[in-house]
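I have placed the structure first, in the form of structure tokens, so that the comments after it can refer back to it.
The values are calculated or read from the model by the stated rules, or taken from the named source; none is laboratory data. Predicted model, so just to flag it, every value in this text is computed and none were measured. Positions of Cβ are backbone-derived with ideal geometry, glycine not excepted, and every protein chain shown enters the neighbour counts.
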Amino acid sequence: MNIKGAIFDLDGTLLDSMHIWHAIDRSFLEESGVKVPDNLSEMLKKKTIEQCVEYFISELGVAQSKKQVMKRLNELMRDVYLTRIELKPFAHRMLDRLKEKGIMLCVATANDYDLTCDALKHLGVLQMFLFVTTCGLLNCSKTEPKIYNYCAERLGLKPDEVLVFEDALHAAVVAKEAGFRVVGVYDRSSEAQKERMKEVCDLYIHSFDEDIPLL
């Protein structure tokens, strides 16, 4: 198999951060005086950060502008991402292994672009990626293949020459259907989707210290 590139999701894949996302969303809604739905995590899991902001305002009744909500969420996230968020165990080693094989790396995330770059720089791995792109920059979500196709085109590769590392089932399904090779990455937040992920993905790993026979 001639793999030449790899696309990494950020939260829940490279970073051990999904639990922080859930806490930040709840904290923001509580400080805004809004009742937090019991199924908040389920409602937000397929949304980009921009779509989350729209949901908070239009569906939950947050009485602020989109700009104000985004600013406050970024403040809350930046503090946490630059002080408490870590790479998943052995993620740095996996990136090193891929780079040693000459595989081009990039990041495709639903998170904020500046926050993503700052977090990766803080963790000492930003320089390992050729580029970072986000759903916000491309005006899309991971319920469609636009962000993956963009990455492949920018890398100058065909989808079947690229590995996509994802922790979320909906994103893995989209990438797989678009012709990419998909490595499912275990995360506590997606425990309930684990068996389905094993069915969908070309490979499913619990840790980045596992072998990747697709390489």
Exercise. Given the conditions (1) surrounded by 15 or more Cβ atoms within 10 Å (Cβ to Cβ); (2) in contact with a helix residue (DSSP H, G or I) (Cβ under 9 Å, 6 or more places away or on another chain), which single one is not true for R97?
Worked result: (2)
Exercise. Any residue at all in the range 184-195 that is at pLDDT 95 or above, small (G, A, S) and part of a loop (DSSP other than H, G, I, E, B)?
Worked result: no
Problem set entry | In the range 1-21, residue nearest to the chain's Cα centre (by Cα) [restricted to those that are β-branched (V, I, T) and outside any loop (DSSP other than H, G, I, E, B)] | I7
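Do you know which of the residues in the range 100-111 that are part of a loop (DSSP other than H, G, I, E, B) and in contact with a Ser or Thr (Cβ under 7 Å, 6 or more places away or on another chain) is surrounded by the fewest Cβ atoms within 10 Å (Cβ to Cβ)? If you could, list the steps in order and put the result at the bottom.
Going residue by residue through the range 100-111, those that are part of a loop (DSSP other than H, G, I, E, B) are 101-103, 110-111.
Add one more test, that the residue is in contact with a Ser or Thr (Cβ under 7 Å, 6 or more places away or on another chain), and what stays is 110-111.
Working: A110: 25, N111: 23.
Of everything passing the filter in the range 100-111, N111 is surrounded by the fewest Cβ atoms within 10 Å (Cβ to Cβ).
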Problem set entry | Failed condition for S207, given (1) touching a residue at least 40 places away in the same chain (Cβ under 8 Å); (2) in contact with an Asp or Glu (Cβ under 7 Å, 6 or more places away or on another chain); (3) part of a loop (DSSP other than H, G, I, E, B) | (2)
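Tell me yes or no: at least one residue of the range 204-213 is under 15 Å from the mean Cα position of the chain (by Cα) and either under 30 Å from R78 (Cβ atoms) or crowded, with 19+ Cβ neighbours inside 10 Å (or both).
If we filter the range 204-213 for residues that are under 15 Å from the mean Cα position of the chain (by Cα), which is where we start, we get none.
Taking every residue of the range 204-213 in turn, none turns out to be under 15 Å from the mean Cα position of the chain (by Cα) and either under 30 Å from R78 (Cβ atoms) or crowded, with 19+ Cβ neighbours inside 10 Å (or both).
Going by the conditions given, is S41 at pLDDT below 85, surrounded by fewer than 21 Cβ atoms within 10 Å (Cβ to Cβ) and either in the same structural domain as R93 (by TED's automatic domain parsing) or among the hydroxyl-bearing types (S, T, Y) (or both)?
yes
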Exercise. Can you name the condition, by its number, that K121 falls short on among (1) touching a Gly at 6+ places or on another chain (Cβ under 9 Å); (2) surrounded by fewer than 14 Cβ atoms within 10 Å (Cβ to Cβ); (3) of a type in the set (K, R)?
Worked result: (1)
Exercise. Is there any pair linking a residue in the range 90-109 that is free of Cβ contacts under 8 Å to residues at least 12 places away in the same chain to one that is of a type in the set (F, W, Y), with Cβ under 8 Å and at least six apart or on different chains, and which?
Worked result: none
Seminar exercise, completed: Sole miss for Q64 among (1) of a type in the set (S, T, N, Q); (2) modelled with pLDDT under 85; (3) surrounded by fewer than 19 Cβ atoms within 10 Å (Cβ to Cβ) is condition (2)
Seminar exercise, completed: Checked K47, K121 against criteria (outside any helix (DSSP H, G or I) and at negative phi); the one match is K47
